[in-house]
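Before any comments, here is the structure.
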Amino acid sequence: MGKYAQYRTPPLCQSKLLCTSLLYLFSVMFLALYNALSPTKCLFRSSPFDPIQAPLFSYPSTYGEHNHAFPTHRSSCSSPVYFSDYWPVLEEIQNLCRNFSAFAPNLRYMMEDGDTFGGTFSTNRRLSYFNHSNESEELPCGFFKKFPISNSDRIEMENCNGVVVVSAIFDDHDKIRQPKGLGSKTLDNVCFFMFIDDVTLKGFRYHQLIPRKVLDYKIGAWRIVKVSRKNLYSNPAKNVVIPKYLVHRLFPNSKYSIWINAQLQLMVDPLLLIHALVVAEDVDMAIPKHPFFIHTMEEAMATARWKKWWDVESLQRQMETYCKNGLQPWSSNKPYPTDVPNTAIILRKHGLSNNLFSCLLYNELEAFNPRDQLPFAYVRDLMSPKLKLNMFEEEVLEQIAAEYRHNLKRVRSSIRDEESYTTQRTKRARSDLIVNSSCCSRCQNYLSEVWDETHK
């Protein structure tokens, strides 16, 4: 019997219930430890790169850069968009940026003095540039006045020759937030530029984000570019659209760009975003769809109803101009899922079609107002060559960016003085705004088609 004693089951394991309980306990402890130590916080999913762990900037406690975030169902373990591994993406983007032939030919731009930064062109003149068949033809694309930034900033912008991430805060409207999820080599390969005005700069100094005697500003990943109001517009929203749509001119040597509204915080590495949404899809531009609207006229009516632009009567003229010159309501015959984007984030490949679209759309914003969703489909559908466009779902935007409210309380009494913008009083439209039963409304056919489509 003694020779079998060494093979006897330990008393602790003789009970099946006890063994099962111990196995469950050890499994739970292992999974909890793995989840605590894993940078992705996901079970059995490793990070595709070595992410930057240290904070990019140390904010003072009074700034509240993460206050007032909109709730979201973002998951770090599942994603509506597939991201490739970081290191192959980094190498591929570097190779693409070195391949200049992929981004030729370049547009030729008008270089002359004008009354405004964007120039003053009639509807017929602007429309004449939509068909770009002559490569030698010069195109109006802003810069009819000098863009008022420092020479050192201009040099840094010209030296950005790969991927650039751009944002802007004018009139102290938002807080500056650092991108998250950056790979260990991203800051060496991606430029981050934040455009601000004098009012925002004073706000940064008020919160001690920037030393008062420093000329070249940087806050974490962002290089801060101060834009003087000289030669620009009295309305801050019209100034914001300059870096938003003329990024290919401000950064003439960059090959890809991401525009992100300042109320958003980037949560995914920009190289992974460019690769997944632009390169892998073989498109010129990627932009999210509007979560509610599909017709341009819906956005126009919402703009008037919620007073998103002070001159409501000009909205009527704008939409009637577009209807007259070929704007059609969205239908399944169009190769795009909607006519209305969410322009809070725009990813671009700086090629001919994208640059042409950006110039044409900026000209419309200069002519009417900075509500960039209104001329979007008009320019996209009528321009030639056509824009290859990836209009992705809103849930993708929720995955790649966190959204915050605009500044609820600005330090106006301390920083807003002679630099303050003039507040425009709402200019009401005539009683026949957009929906006009008279014979003179140029959008009658547009509205009739929308009505017929929705009541089939």
Quiz prompt | Leading residue at positive end of dipole, region 188-278 (Cβ point charges), from 189, 270, 225 | solution = 225
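Among 180/388; 308/388; 146/213, which pairs are too far apart, with a Cα-Cα distance over 27 Å? Don't skip to the end; give the middle numbers.
On the way: 180/388 29 Å; 308/388 29 Å; 146/213 25 Å.
Result: 180/388; 308/388 exceed 27 Å.
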Exercise. Hey, could you get me the Stokes-Einstein D for region 254-365, Kirkwood radius over alpha-carbon pairs, 37 °C and 0.692 mPa s, rounded to whole µm² s⁻¹?
Key: 206
Quiz item: What percent of all Cα-Cα pairs in region 182-340 falls in each 5 Å bin, counting up from 0?
Solution: 1, 6, 11, 14, 17, 16, 14, 11, 6, 2, 1, 0
Quiz item: How much solvent-accessible surface does residue 120 expose, in Å² to the nearest 10, with a 1.4 Å probe and all protein chains in place?
Solution: 110
Quiz prompt | Descending Cα extents along the principal axes, region 307-413, whole Å | solution = 48, 37, 27
Quiz item: For region 159-288, what is the accessible area per residue in Å², given a 1.4 Å probe and the full set of protein chains?
Solution: 31
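Just reorder 156, 91 by solvent-accessible area, largest first, 1.4 Å probe, all chains present.
On the way: 156 80, 91 110 Å².
Ranked list, largest accessible area first: 91, 156.
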Self-check item: Residues of region 376-403 with amide N under 16 Å of a point placed 7 Å along Cα→Cβ from residue 334
Solution: 376-384, 386-393
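Give the calculated FRET efficiency between residue 444 and residue 158 to the nearest 0.05, with a Förster radius of 35 Å applied to their Cβ-Cβ distance.
Details: r = 49 Å, r/R0 = 1.40.
Result of the calculation: an efficiency of 0.10.
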Self-check item: Heavy atoms of residue 66 accessible to a 1.4 Å probe, total area in Å² rounded to 10
Solution: 90
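Using a 1.4 angstrom probe on heavy atoms only, work out the carbon and sulfur share of the accessible area of region 287-355 in %.
Numbers: 1370 of 2550 Å².
For region 287-355, the apolar C and S fraction of the accessible surface comes to 54 percent.
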Quiz item: Ordering 376, 121 from largest to smallest accessible area (1.4 angstrom probe), what's the sequence?
Solution: 121, 376
Practice problem: Any chance you could run the full-extension gain for residue 180 through residue 109? It's 0.36 nm times the residue separation minus the Cα-Cα distance, nm to one decimal. | Solution: 21.9 nm
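The values are calculated or read from the model by the stated rules, or taken from the named source; none is laboratory data. Given the structure is predicted, the values throughout are model-derived calculations rather than measurements. Positions of Cβ are backbone-derived with ideal geometry, glycine not excepted, and every protein chain shown enters the neighbour counts. Please note that ligands, DNA and RNA were not included when accessible areas were found on the heavy atoms of the full protein model with its side chains. Shrake-Rupley method; radii C 1.70, N 1.55, O 1.52, S 1.80 Å.
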